[in-house]
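Worksheet: the structure to be examined is printed underneath.
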Amino acid sequence: LIISPKRSGNFLLRSSVVADGGALPVEFTGDGAGVSPPIEWKGAPAGTKSFAVIMDHLAPGNDMKCYWTMWDIPTSVTRLPKAAQNIGKLGPGFRGALGYEPPHSQGPGLKTYTIHIYALAASPRLEKSQREVTREVLLTTIKDSILDSAELKVTYTRPGSATNGKQGGPDGKRKGDPRP
């Protein structure tokens with residue numbers, strides 16, 4: 001499910017550890033501690049009743065993978081600290097775990113992940129258990145109550161994945177490869 005929510009440009013999302021379009025530090029990936037990155041937002045429109053956060057990635061074959069689904073974030077909250085806990089409600093990522101599932105993409109090359117923040121006119125009314133509130137369920141539920149949205153795109157390349165169109169490291173070699 002891909003939606004095109006209102007984006008005024010006045011509602012802004014940022015992180016103290018990565019700029020928009022920048023490389024996500026390894027600490028926030030499956031190759032590091034795997035904790036959620038700190039994010040903060042400002043400029044929510046009048047009438048906002050709650051916030052929701054989704055982090056996703058469009059994988060090859062138009063396969064949308066979700067790494068973070070959070071909703072019922074109170075309007076008094078305008079930031080999530082590193083390794084955020086006990087704020088809002090958490091749904092499962094694409095692997096099925098509740099909460100933040102760190103990027104740990106397979107395959108070579110740079111991957112782009114998008115963190116979305118949604119300012120909602122109402123708290124989502126979900127009839128399902130948290131474990132059943134996937135990205136798709138949440139977006140279907142909130143799409144008509146989104147007052148504004150913002151996003152932060154981050155990138156990640158797994159160590160040892162292809163760079164500059166070559167396999168392996170910067171010199172094109174794989175670890176342990178005896179070839180010159």
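The values are calculated or read from the model by the stated rules, or taken from the named source; none is laboratory data. Treat the numbers as computed from the prediction; the structure is a model and nothing was measured. Heads up, the Cβs are rebuilt from the backbone with ideal geometry, glycines too, and the neighbour counts pull from every protein chain shown. Side chains included, ligands, DNA and RNA excluded: accessible areas come from the protein's heavy atoms. Shrake-Rupley method; radii C 1.70, N 1.55, O 1.52, S 1.80 Å.
I need the calculated FRET efficiency for the pair Val26 and Asn62, taking r as the beta carbon distance and R₀ as 22 Å, to the nearest 0.05.
On the way: r = 28 Å, r/R0 = 1.25.
So, using R0 = 22 Å, E works out to roughly 0.20.
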Checklist outcome for this item: The alpha-carbon center of the range 8-36 and that of the range 104-145 are separated, in whole Å, by 17 Å
Checklist entry - Out of residues 5 or more away from Met64 or on other chains, whose amide H comes under 5 Å of its own, with H placed 1.01 Å from N in the peptide plane? => result Ala59
Next on the checklist: If amide hydrogens are placed 1.01 Å from N in the peptide plane, which non-local residues have theirs closer than 5 Å to the one on Ala84?
Outcome noted: Ser36
Next on the checklist: List the residues, sorted by chain then number, that are 5 or more residues from Asp72 or on another chain and whose placed amide H is less than 5 Å from its amide H.
Outcome noted: Phe51, Lys89
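I'd like to check one number: the per residue accessible area of the chain, probe 1.4 Å, reported in Å² as a whole number.
Working: 9460 Å² over 180 residues.
It amounts to 53 Å² per residue over the chain.
A 25 angstrom limit on the alpha carbon distance is what I want to check against. Which of Lys82/Lys111; Lys82/Lys128; Lys89/Lys111; Lys65/Lys143; Lys82/Lys143 exceed it?
Lys82/Lys128; Lys89/Lys111; Lys82/Lys143
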Next on the checklist: I need the phi-derived Karplus couplings for the range 131-136: 6.51 cos²θ - 1.76 cosθ + 1.60, θ = phi - 60°, integer Hz, Gly and Pro marked x.
Outcome noted: 4, 8, 8, 7, 3, 5
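For the chain, with only Lys/Arg (+1) and Asp/Glu (-1) charged at the beta-carbon, what is the dipole magnitude about the Cα centre, in debye rounded to 20? Write out the running numbers ahead of the final one.
Values: 23 positive and 16 negative charges, 52 e Å.
Here the size comes out at about 240 debye.
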Checklist entry - How about Lys42: which aspartates and glutamates have a C-alpha closer than 16 Å to its C-alpha, ignoring those fewer than 8 places off in the same chain? => result Asp20, Asp148, Glu151
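Of the accessible area of the chain, with the probe set at 1.4 angstrom, what percent is carbon plus sulfur? Walk me through the numbers on the way to the answer.
On the way: 4750 of 9460 Å².
About 50 percent, which is the carbon plus sulfur part of the accessible surface.
Show that you can apply the helix-only estimate: for the chain, add -39,500 (n - 2.57) for every DSSP H stretch of four or more residues, divide by all residues, and state [θ] at 222 nm to the nearest 500.
It comes out at -1000 deg cm²/dmol, rounded to the nearest 500.
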